[in-house]
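The next block holds one structure in the form of structure tokens; read it before the comments.
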Ligand SMILES: [Zn+2]
């Protein structure tokens, strides 16, 4: 899974910048539209970090809802069945997805 290698590469950069010698936890935000299966991601992560400073760290995945920004009034909202996937402010259907599409590295915890 490409998300894992990207997250691991980013984490390695943060580890270098912060001079960490041991990582206890990696926190990532997993967008609802990223198409990630948590169990699979966890498994890929274990394989990807074997033999690195990240080995043995906990991968914490926080689900992130899809967020959209209305083209007409600029309101940011979570499109779902309750609002019929349109803007709760002006009922417009025209919007841009601005969040929840990716896996984002939030934090690297260690010492
Ligand atoms: Zn609107």
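Every number in this text was worked out from the coordinates using simple rules, so none of it is lab data. In this text, all values refer to a predicted model and were calculated from it rather than measured experimentally. All Cβ positions, even for glycine, are placed from backbone atoms using ideal geometry, and neighbour counts span all protein chains on display.
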* **Sequence-separation-based contact order of the chain, relative, with Cα cut under 8 Å and 6+ spacing, percent** => 39 percent
* To do: Per DSSP H run of n ≥ 4, the term is -39500 (n - 2.57); total these for the chain, divide by its residue number, and report the mean residue ellipticity at 222 nm rounded to 500 deg cm²/dmol.
  => -8000 deg cm²/dmol
* Asked: For helix 38-49, what angle does its Cα long axis make with the longest principal axis of the chain, in degrees from 0 to 90 and rounded to 10?
  -> 30 degrees
* Residue exposure sequence - 57, 5 - by fewest surrounding Cβ within 10 Å -> 5, 57
* Structure fact -> Kirkwood radius from Cα pairs of the chain plugged into Stokes-Einstein at 25 °C, 0.890 mPa s, gives D in µm²/s equal to 159 µm²/s
* Asked: For the chain, modelled as a GNM with alpha-carbon contacts under 10 angstrom, which of 42, 13, 29 fluctuates the most?
  -> 13
* Asked: To the nearest 10 degrees, how steep is helix 2-17 against the longest Cα principal axis of the chain, on a 0 to 90 scale?
  -> 60 degrees
* Nitroxide proxy distance, nm - points 7 Å out along Cα→Cβ at residue 16 and residue 96 -> 3.2 nm
